[in-house]
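> Sharing a structure with you now.
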Amino acid sequence: MAEVQNEDPNSEANVNKLKGFDSESSDAWATLVTHITGYPVPDRKTIFEKLTSTSGGPLFRMDIRERDLKSVVSESGFLVNEGQDYDIFFLNKNKKSSLMQARIVFEGRVKSDNDIHFAGTDADDVDDASVREGNEFKDYNKQEMSTIPLARYMNGPRAALIALRDGGTDGVKFADLPVDDANAVELNSFLATGESFDRAAQFFKDKAVVLKDWETRFSREDASWKGEAADVFRDLLKKVHDNYEGYLETFGASSNADDASGTGGTVYSRALNTGSQSLKDAASSLLDAWLAWAKTDYYDPLRVLRFVLDDLARWVNEHNISQSDIEATTHTGYQGAGYTTVRHSPKTGFLQEHPEYGDLSDIANWKKVGEKAVELWNQGVDQELVRPAIAETSKLNNRFLDLTKDFTENVPKPRTTSTAGEDYAEDKLNDPGGNGGPDIDEWFDKLNDNNNDFLNDLNNNNNDILDDLNDKNNDILDDLNNKNNDILDDLNNNNKDILDDLGNNTKTVLDDLGNINNQALDDLNNLGNANNDFLNDLGNANNDALNNLGGLGNLNSPLGDGGPLNADGGPLGGNGQLPPPVIPPLTQSLGNLGGNNPRDGARNNPTEEFTRSLGNLLGNGGGLNTPTGGNTRLRDGGGITTDFPNGSRSSFD
């Protein structure tokens, strides 16, 4: 079987590997990256819309050219002919004298010196990887194309995740697609909020010591201030001190998160620190997945397209080219005039309908080749990016659910909410020696202005701290719950099947298909027709000449010993020799084109003639021997020459 020219040695293994990957119903990679960084990862169903040619399909444009089988024997493969990126030659059962050439150009490829540079990296550090931002361009058919949406999907998440890992995504932009200010994530805000909780806890801790000291001094026997007013004030100090101790106990609770390693003086600051570190760890894990993907052979969809074309070329060689015999027929006439035709004859195993793409002679079916490449590329993304993202999303969900409990289950509450006067009155009522309770108004009238000012200032300060602390706590809880709910909702509810919509991202306008090159190239096909016309005219001329020799029918009458006809000076004017008879057509098998695709890496110049010596096809280095002892051969220059036994020769181009 023939081999595909310049075939990637790993193409078959890569195609089989990609076919073995399962597809995911949703893009968890894009969802997670968008939520934790704010970078709007493009929808994967749309990124190939501006890379779909109306003269081909996703990722490539093409045409199919009909070549004269007699004058061209070429190789299928990658970068075989200048001007095209991939050529696949196949036989059409309805065109026995032609060889069909599918000429394919990759859209959006980076090419220099007739070499295509596929995207990828060998870097071991994700920060050192070189990536492309894409560009807009017009292809040969003046169609507006762009690789920017694809680049934004492939490489934008890397930029956003690096920024998150390093502290925040404010100001991040890739390929002119920014992170909006409202969606930017700043990990420093976690630290700042945690520090505010620690400062509140430190306030309660410091003031609790002062309050305890005052309470102790007003309780001593030698206290300078005694009486009912002093008792009320002492009860107030005790109440505030107890509440502060309760706040400190709540602030110092242990985290609900397993293996929480956050630092800080309160359960809140430790939870926020753990959450910040969890986001950094998630960014690092996702960057590791991205780097592993960028190192694979299926990171660049154009490389995947090459694998698919290699696979198709192998199928064509096995089931089409190698399953048809090539025959050359030499037609000769009077005095050696004649011509040679080359045709293919399909064998039993001949196929031109691919089991997945259909009839290769129908250019509309080639769109399916590009769609197959996109499908396999998507399965590679699901394998290398989406599955790690699903695992990381689950880990983050569990972590933030636990951290949320650190706030909801540790809300600071006062141990008592009654007033000092109410507590004192209750104590008096419960006193067996009491007189039914004191006059509350009389107690407060006894308090001097300084004591009133002190109580007011102390209560106001306490209320301000509690209000600020509760507001801050509520804000943090709302933000954490919203973020957690967003991730869970998007992960569980986005159940559309990516693969069901793969076909919707391409344009199907194929009615206006044209050639890749200009009309002048199409006119080259007419050269073969002109040659056939010439040969037909030549054959007709031979037939006319033979028909006009009707007088030679008398030669069938008895000639005796042929005396005067053969003698010198006889009616034939010869030297005793009869002219050569008319030679019947000779058909000889040339085998098939199965061995015409050597893996030698040769690249043909499009200006060279696509010709091969018949001797090379026969494998014996000579021409065709005619029954009369003559010889017909293809000259190196492309013409055909027939030598006759009498020394005469007939040649034509």
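The values are calculated or read from the model by the stated rules, or taken from the named source; none is laboratory data. Values in this document were obtained by computation on a predicted structure and should not be read as measured data. Using ideal geometry, Cβ is built from the backbone for each residue, glycine included, and neighbour counts are taken over all protein chains shown.
> Residues to consider are D115, D85; find the one that is modelled with pLDDT under 95, of a type outside the set (A, V, I, L, M, F, W, C), surrounded by 18 or more Cβ atoms within 10 Å (Cβ to Cβ) and over 30 Å from I36 (Cα atoms).
Values: D115 fails: surrounded by 18 or more Cβ atoms within 10 Å (Cβ to Cβ).
Exactly one of D115, D85 is modelled with pLDDT under 95, of a type outside the set (A, V, I, L, M, F, W, C), surrounded by 18 or more Cβ atoms within 10 Å (Cβ to Cβ) and over 30 Å from I36 (Cα atoms), namely D85.
> Give the residue, chosen from L312, L385, L360, L376, that is buried (at least 20 other Cβ atoms within 10 Å of the Cβ), out of contact with any Lys or Arg (no Cβ under 8 Å at 6 or more places or on another chain) and either under 22 Å from W293 (Cβ atoms) or among the acidic types (D, E) (or both).
On the way: L312 fails: either under 22 Å from W293 (Cβ atoms) or among the acidic types (D, E) (or both); L360 fails: either under 22 Å from W293 (Cβ atoms) or among the acidic types (D, E) (or both); L376 fails: out of contact with any Lys or Arg (no Cβ under 8 Å at 6 or more places or on another chain).
On inspection, the qualifying residue turns out to be L385.
> Hey, any hits in segment 64-71 for a residue that's within 20 Å of L305 (Cβ to Cβ), within 26 Å of the chain's Cα centre (by Cα) and modelled with pLDDT of 80 or more?
For segment 64-71, residues within 20 Å of L305 (Cβ to Cβ), within 26 Å of the chain's Cα centre (by Cα) and modelled with pLDDT of 80 or more: absent.
> Quick check on S76: is it more than 24 Å from D297 (Cα to Cα) and either at pLDDT 90 or above or touching a strand residue (DSSP E or B) at 6+ places or on another chain (Cβ under 9 Å) (or both)? Please lay out each step first, then the result.
Numbers: more than 24 Å from D297 (Cα to Cα): no; either at pLDDT 90 or above or touching a strand residue (DSSP E or B) at 6+ places or on another chain (Cβ under 9 Å) (or both): yes.
It is false that S76 is more than 24 Å from D297 (Cα to Cα) and either at pLDDT 90 or above or touching a strand residue (DSSP E or B) at 6+ places or on another chain (Cβ under 9 Å) (or both).
> If I ask for residues that are among the charged types (D, E, K, R), under 29 Å from L360 (Cβ atoms) and touching a Leu at 6+ places or on another chain (Cβ under 9 Å), which ones from segment 94-139 would you list? Give the steps one after another, and end with the answer.
Within segment 94-139, the first condition is being among the charged types (D, E, K, R), and the residues that meet it are 95-96, 103, 107, 109, 111, 113, 115, 122, 124-125, 127-128, 132-133, 136, 138-139.
Add one more test, that the residue is under 29 Å from L360 (Cβ atoms), and what stays is 95-96, 103, 107, 109, 111, 115, 138-139.
Those that are among the charged types (D, E, K, R), under 29 Å from L360 (Cβ atoms) and touching a Leu at 6+ places or on another chain (Cβ under 9 Å): K95, K96, E107, R109, D115.
> Quick one: would you say T216 is hydroxyl-bearing (S, T, Y) and either under 60 Å from the mean Cα position of the chain (by Cα) or not in a helix (DSSP H, G or I) (or both)? Give the derivation first.
Working: hydroxyl-bearing (S, T, Y): yes; either under 60 Å from the mean Cα position of the chain (by Cα) or not in a helix (DSSP H, G or I) (or both): no.
No: the conditions fail for T216.
> Under 6 Å between Cβ atoms, which residue pairs at least 6 apart in sequence (or on different chains) link something in segment 9-20 that is surrounded by 12 or more Cβ atoms within 10 Å (Cβ to Cβ) with a partner that is hydrophobic (A, V, I, L, M, F, W, C) and modelled with pLDDT of 90 or more?
As it stands, the answer is S11/F307; N14/F307; V15/F307; L18/L376, since those pairs meet every condition given.
> Could I ask something else about it? Counting just the residues of segment 166-206 that are of a type in the set (A, V, I, L, M) and under 35 Å from the mean Cα position of the chain (by Cα), which one comes out nearest to A271 (Cα to Cα)?
Keep residues of segment 166-206 that are of a type in the set (A, V, I, L, M), which gives 172, 175, 177, 179, 182, 184-185, 187, 191-192, 200-201.
Keeping just the survivors that are under 35 Å from the mean Cα position of the chain (by Cα) gives 172, 175, 177, 179, 182, 184-185, 187.
Details: V172: 27, A175: 36, L177: 33, V179: 26, A182: 23, A184: 21, V185: 17, L187: 13 Å.
Among those that are of a type in the set (A, V, I, L, M) and under 35 Å from the mean Cα position of the chain (by Cα), it is L187.
> I'm trying to understand the selection: among the residues of segment 35-59, which are under 14 Å from R109 (Cα atoms) and in contact with a Gly (Cβ under 6 Å, 6 or more places away or on another chain)? Talk me through it step by step, then tell me what you get.
Initial filter on segment 35-59 (under 14 Å from R109 (Cα atoms)): 48, 50-53, 58-59.
Hits for segment 35-59 are L51, P58, L59.
> Within segment 83-165, considering only strands (runs of 3 or more DSSP E) that don't extend past its boundaries, which have at least 3 residues that are touching a residue at least 60 places away in the same chain (Cβ under 8 Å)?
Details: elements: 86-90, 98-106, 136-138, 144-146.
The strands (runs of 3 or more DSSP E) meeting that bar are 86-90, 98-106, 144-146.
> Please determine, by comparing only the residues of segment 388-415 that are acidic (D, E) and in a helix (DSSP H, G or I), which one is surrounded by the most Cβ atoms within 10 Å (Cβ to Cβ).
Filtering segment 388-415 down to residues acidic (D, E) leaves 392, 402, 406, 409.
Among the residues that remain, those that are also in a helix (DSSP H, G or I) are: 392, 402, 406.
On the way: E392: 20, D402: 17, D406: 26.
By that ranking, first place goes to D406.
> Against the definition (buried (at least 23 other Cβ atoms within 10 Å of the Cβ) and under 27 Å from S53 (Cβ atoms)), how does N365 come out, yes or no? Full working, then the answer.
Working: buried (at least 23 other Cβ atoms within 10 Å of the Cβ): no; under 27 Å from S53 (Cβ atoms): yes.
No.
> Please verify whether segment 292-301 includes one or more residues that are crowded, with 21+ Cβ neighbours inside 10 Å, over 30 Å from D8 (Cβ atoms) and under 59 Å from the mean Cα position of the chain (by Cα).
Among the residues of segment 292-301, not one is crowded, with 21+ Cβ neighbours inside 10 Å, over 30 Å from D8 (Cβ atoms) and under 59 Å from the mean Cα position of the chain (by Cα), which makes the answer no.
> Quick check: is even one residue across segment 272-291 farther than 19 Å from A192 by Cα, modelled with pLDDT of 85 or more and aromatic (F, W, Y)?
First pass over segment 272-291, keeping only residues farther than 19 Å from A192 by Cα: 281-291.
Restricting the remaining residues to those that are modelled with pLDDT of 85 or more gives 281-291.
Remaining after also requiring aromatic (F, W, Y): 290.
Yes, that holds for at least one residue.
> If you don't mind, there's one more thing I want to ask. From the set of residues in segment 138-170 that are of a type in the set (G, A, S) and in contact with a helix residue (DSSP H, G or I) (Cβ under 8 Å, 6 or more places away or on another chain), which is surrounded by the fewest Cβ atoms within 10 Å (Cβ to Cβ)?
As a first pass, look at segment 138-170 and keep what is of a type in the set (G, A, S): 146, 151, 156, 159-160, 163, 167-168.
Those still in the list that are in contact with a helix residue (DSSP H, G or I) (Cβ under 8 Å, 6 or more places away or on another chain) too: 146, 160, 163, 167-168.
On the way: S146: 17, A160: 27, A163: 23, G167: 14, G168: 18.
Only one residue tops the list, namely G167.
> So, one more: Please name all residue pairs, on different chains or six or more residues apart, with Cβ atoms under 9 Å, provided the first residue is in segment 365-388 and is without any contact (Cβ under 8 Å) to a residue 24 or more places away in the chain and the second residue is part of a helix (DSSP H, G or I) and among the small types (G, A, S).
Going by the 9 Å Cβ cut-off, there are no qualifying pairs.
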